[in-house]
């Protein structure tokens, strides 16, 4: 797993030069607290995000929970929830590191082939990832839906300015997009 610093050193070493992209490293350090807040927002809400994404996927495709569906019986549903948690965890790791290598190496490498061998419908999985992507953006911006959350509404409480989070939302979205591309 590489972080922004390791990536800069590896790149400089490969070209036998000194680390020269100090601006990118300064930006990474400057975004440190916001990055930690974003990862904390995802991690604190991970189980709800995954269960809501899987429920949304099933609402759009009721056949998944019928006999013979990929979320039937309970052990398949549990596997689906587990996989959603794993994907979300590795997206959070990538966001923390500021680098997608951990996501690529430990989560996405061979995922499509594994799902194909198991008969997992990738269209449904992609839909669940899209839902998690939207949820992650809302939590990073600290704007969860009050109408849908009701009494379970959980805000991080940090005074985050919208445009300060735009880069982290875009970065997190790019990691979700990598997952979607790997499954498609």
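The values are calculated or read from the model by the stated rules, or taken from the named source; none is laboratory data. For clarity, every value in this text was computed on a predicted model and none was experimentally measured. Every residue, glycine among them, receives a Cβ derived from its backbone with ideal geometry; neighbour counts consider all protein chains shown.
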Confirm whether residue 148 is at pLDDT 85 or above and either touching a helix residue (DSSP H, G or I) at 6+ places or on another chain (Cβ under 7 Å) or surrounded by fewer than 17 Cβ atoms within 10 Å (Cβ to Cβ) (or both).
no
Every pair of residues 6+ apart whose Cβ atoms lie under 6 Å, when the first sits in the range 99-119 and is over 13 Å from residue 83 (Cα atoms) while the second is assigned to a helix (DSSP H, G or I) and modelled with pLDDT under 90:
99/7
So residue 137, is it surrounded by 14 or more Cβ atoms within 10 Å (Cβ to Cβ) and part of a helix (DSSP H, G or I)
yes
Which ranges mark the helices (runs of 4 or more DSSP H) fully within the range 28-125 that have 3 or more residues being within 18 Å of the chain's Cα centre (by Cα) and surrounded by 13 or more Cβ atoms within 10 Å (Cβ to Cβ)?
32-44, 46-60, 74-97
